[in-house]
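The structure appears below as structure tokens.
The values are calculated or read from the model by the stated rules, or taken from the named source; none is laboratory data. Predicted model, so just to flag it, every value in this text is computed and none were measured. Using ideal geometry, Cβ is built from the backbone for each residue, glycine included, and neighbour counts are taken over all protein chains shown. In case anyone asks, the SASA skips ligands and DNA or RNA and just uses the protein heavy atoms, side chains included. Shrake-Rupley method; radii C 1.70, N 1.55, O 1.52, S 1.80 Å.
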Amino acid sequence: MLLAIDIGNTHIVLGGIVEGTVQFEARLATDLRRTADQYWLDLKSILCEYGVGPGEVSDCIISSVVPPVFNEVCRGAERVVGKRPMVVAPGLKTGLNIQMDVPSKVGSDRIVAVVAALDRYKPPLILIDMGTATTIEVVTEGNHYIGGCIIPGVGVSLEAVTTQTAQLPGIQLGKPGKVIGKNTEDCMRSGVMYGAAAMLDGMLDRVEEELGRPATAIATGGIAKLIVPLCRRRITVDDGLLLKGLYILYQKNRKK
């Protein structure tokens, strides 16, 4: 079994993969205060919960956008697996032609998702990842990663408006009844949800205008399934990209 771990700003997603099939998926809160020993115990506990003995995990791959947490998780995972995990970092074979000013500065989570999307869909692709930030990646024929956009995430935007204003309450995200709200909560919910959907529709239009042709739009990330149904553009929701991408990268780079 391959233990695949992605460390994001809010959550750590991990899964057990056997011959390309995800056997389980779990999440931990990203916590800068936790030590390698604590993450080691977390990983052992999750494996035990899913009936996986430590001896059944043959290797591990990790991607991270949170360097301080990466160090602790990596050391914890090394104790579980018994060897240093493979790390998604510059120098790893990805199959992408990254046409950025500084390719090494592209976030590893963005690379992982693009690699998985290209395994399932034909370019040109516009990949939307809705997490702590909403990122948009653009890939053309020949696996040319030509760039993208980084936008404040839906949760971040909602937190900003509730914490920086005196009279706006915290709300639960959900499908608004109407665009025109009749109370403060409904007005906020409409603004956040329909606003995010309209933003995606508009960004897709502008990206395709620059490309000069239509592209397949794919969305992933925890909030995507709430926002995409409100969009007017056709967008396919695919929640399986993260772990799939890690597995593909592992297969490309493991020692035979």
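Taking the listed residues Met199, Met203, the one that is aliphatic (A, V, I, L, M) and closer than 23 Å to Thr10 by Cα is Met199, with no other qualifying.
Number of residues in segment 67-77 that are under 20 Å from the mean Cα position of the chain (by Cα) and surrounded by fewer than 17 Cβ atoms within 10 Å (Cβ to Cβ) equals 3. Of the residues in segment 49-62, at least one is open to solvent by 40 Å² or more (accessible area, probe 1.4 Å), in contact (Cβ under 8 Å) with a residue 24 or more places away in the chain and touching a strand residue (DSSP E or B) at 6+ places or on another chain (Cβ under 8 Å). Might you let me know whether segment 63-72 holds any residue that is under 27 Å from Gly153 (Cβ atoms), out of contact with any Pro (no Cβ under 6 Å at 6 or more places or on another chain), in a loop (DSSP other than H, G, I, E, B) and of a type outside the set (S, T, N, Q)? Within segment 63-72, one or more residues are under 27 Å from Gly153 (Cβ atoms), out of contact with any Pro (no Cβ under 6 Å at 6 or more places or on another chain), in a loop (DSSP other than H, G, I, E, B) and of a type outside the set (S, T, N, Q).
Condition check ((1) over 20 Å from the mean Cα position of the chain (by Cα); (2) open to solvent by 50 Å² or more (accessible area, probe 1.4 Å); (3) at negative phi; (4) touching a residue at least 40 places away in the same chain (Cβ under 8 Å)) across all residues:
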residue: Thr162; (1), (2), (3), (4): yes, no, yes, no
residue: Thr165; (1), (2), (3), (4): yes, yes, yes, no
residue: Pro169; (1), (2), (3), (4): yes, no, yes, no
residue: Lys175; (1), (2), (3), (4): yes, yes, yes, yes
residue: Met193; (1), (2), (3), (4): no, no, yes, no
residue: Ala198; (1), (2), (3), (4): yes, yes, yes, no
residue: Arg206; (1), (2), (3), (4): yes, yes, yes, no
residue: Glu209; (1), (2), (3), (4): yes, yes, yes, no
residue: Lys225; (1), (2), (3), (4): no, yes, yes, no
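Consider Ile136 carefully, then state whether it is over 26 Å from Tyr39 (Cβ atoms) and touching a helix residue (DSSP H, G or I) at 6+ places or on another chain (Cβ under 7 Å). Considered against the rule, which asks whether it is over 26 Å from Tyr39 (Cβ atoms) and touching a helix residue (DSSP H, G or I) at 6+ places or on another chain (Cβ under 7 Å), Ile136 comes out as yes.
Name every residue in segment 30-83 that is touching a helix residue (DSSP H, G or I) at 6+ places or on another chain (Cβ under 7 Å) and among the aromatic types (Phe, Trp, Tyr), in order of residue number. Matches in segment 30-83: Tyr39, Trp40. Suppose we keep only residues that are among the β-branched types (Val, Ile, Thr) and closer than 18 Å to Met130 by Cα within segment 6-37. Which one would you say is most open to solvent (accessible area, probe 1.4 Å)? Within segment 6-37, the match that is most open to solvent (accessible area, probe 1.4 Å) is Thr10. Any idea which of (1) within 30 Å of Val87 (Cβ to Cβ); (2) assigned to a helix (DSSP H, G or I) is the one Gly222 doesn't satisfy? Only one criterion in (1) within 30 Å of Val87 (Cβ to Cβ); (2) assigned to a helix (DSSP H, G or I) is unmet by Gly222, namely (2). The set of residues in segment 227-256 that are farther than 19 Å from Lys122 by Cα, in contact (Cβ under 8 Å) with a residue 12 or more places away in the chain and in a loop (DSSP other than H, G, I, E, B) comprises Cys231, Arg232, Arg254.
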